[in-house]
1. Ignoring ligands and nucleic acids, what accessible area does Phe352 show with a 1.4 Å probe (Å², nearest 10)?
2. Ranked from the most accessible area to the least, with a 1.4 Å probe and all protein chains present, what is the order of Asp214, Asp249?
3. Hey, got the dipole for segment 59-309? About the Cα centre, +1 on K and R Cβ, -1 on D and E Cβ, debye to the nearest 20?
4. Sort Leu67, Leu49 by accessible area with a 1.4 Å probe, largest first.
5. According to the Kirkwood expression over distinct Cα-Cα pairs, how big is the hydrodynamic radius of segment 59-309, in Å?
6. Using a 1.4 Å probe on the protein heavy atoms only, what accessible surface does Asp59 show? Give it in Å² to the nearest 10.
7. When the helix-only estimate is applied to the chain (DSSP H runs of n ≥ 4, each -39,500 (n - 2.57), divided by the residue count), what is the mean residue ellipticity at 222 nm, nearest 500 deg cm²/dmol?
8. Placing one identical point scatterer on every Cα of the chain and ignoring solvent, what is log10 I(q)/I(0) from the Debye formula at q = 0.11 Å⁻¹?
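The values are calculated or read from the model by the stated rules, or taken from the named source; none is laboratory data. In this text, all values refer to a predicted model and were calculated from it rather than measured experimentally. Here the Cβ positions follow ideal geometry from the backbone for every residue, glycine too, while neighbour counts run over all protein chains shown. These accessible areas exclude ligands, DNA and RNA; they are computed on the full protein's heavy atoms, side chains included. Shrake-Rupley method; radii C 1.70, N 1.55, O 1.52, S 1.80 Å.
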Amino acid sequence: MELPFAESYKIKMVEPIRKSNRLEREKWIREAGYNLFRLRSDQVFIDLLTDSGTGAMSDRQWSAMMLGDESYAGARSFYEMQAAIREILGFEYFLPTHQGRAAENVLFSVLIKEGDIIPGNSHFDTTKGHIEFRKAKAVDCTIDEAFNTTLLHPFKGNVDEEKLENVLKAHTDKIPFIIVTVTCNSSGGQPVSIENLRMVRRLADKYGKMVVFDSARFAENAYFIKLREKGYEDKSIREIVRDMFACADAMTMSAKKDAIVNMGGFIAMRSKDLHAKASVFNIIYEGYITYGGMSGRDMSALAQGLYEGTELDYLETRIRQVEYLGNRLTEFGIPLQQPTGGHAVFIDAKRFLPNVAKEEFQAQTLGVELYLEAGIRGVEIGAILADRDPVTRENRYPSLELMRLAIPRRVYTNNHMDVVAVALKNIFDRRESVTKGYRILEEAPIMRHFTVTLEKVI
Ligand code: F0G
């Protein structure tokens, strides 16, 4: 008999979590303005708001923290990070930043000016925010297959060659770089193939443009390439990672994901000149170039995390857990982005709650229902997140209205996944009776989803 699959770690430290009852949850979510971001974590039983900064560090990472060097300049921890980045990602230069959006802020301060156009595959919200804040425009060139949740496609994060070339042709002078997000969070944690990355590189060379990777989940992307792309089945994750990054000139990284740390990020690049220009902004916004918003101990843990995050055993444990949840939900007939992504399951809220109007925010409504059902916190990736058009100020309704359940790394067991699956099944069984959603009472001018206050439509 073939042995069943099991985790590639054992547990050395635990943190208690608390269940609550429905009455308590009704009060808490009302007080939070029906915004899941505004709940206290003590009010949540299983927290799938994000996989960002919520992972469990290993004993090796905690040990690395104790050896961190807190020198202002030239800290040993900086050089540990440099060695890991050179060895694993193959970039000569880098700058630490306090997290991913800070890396975007620093790099975009050098590269983007008003009126620019930045093509890519479904830019993440902070990326888009940093582009729009500079009065530039993000153009989504993701393949159409990504927006059909029932369609099975191995690389739904891929960039569409024709869409990209059309943008490059029409706006050649306004495009400073192409950005590719690996994996593509906004389309469902979906990977990009090596073949596609090479196509982007070819087009970039043809039009003389830089390629930047938004690399938060690059190791998960490499795992999917190993699993799904012909010719890569026998390559190691690190070899695939090197092949991926060979197509990029620079990268931004939220280390809170695939480097399995609670805080941290960086920019890496090949160009000495770009490094020099970005250093100026790094010093203004983040800190001196050898710490850039991070403690020495955090840089040491990050370096160790880059090695662990690119081990096959770890990635297999990680992605199979996400797949396990996806499979359970699929067995219950629950509509989700297929195939399951790397870091999260994305429920198709339009199909899950067909009786709620899009103006009443279907994915948000589902998120609140799930919290009320079992104290589980997911997050809306839909119209609230998509925000208003910066020019017309009209609500934007994206083609996908998703409720994301992001799985923290090395944190929950499959028993927790079972609770999530059954809670969703219970709601799915009574979906016809959910007919009303929410309306916005107060919102911020940009990135409104974090702080928005909602009220129930009666
Ligand atoms: N790029 C991608 C693809 C991301 O998913 C994120 C963050 C960032 C950039 C920004 O990084 O948070 O370190 O500043 N994603 C988190 C999420 C917040 O929940 O998906 P950050």
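1. Approximately 0 Å² for this residue.
2. On the way: Asp214 15, Asp249 45 Å².
In descending accessible area the options line up as Asp249, Asp214.
3. That gives a dipole near 300 debye.
4. Most to least solvent-accessible, the answer reads Leu67, Leu49.
5. The answer is 18.1 Å.
6. Accessible area of Asp59: about 60 Å².
7. -11500 deg cm²/dmol
8. -0.87
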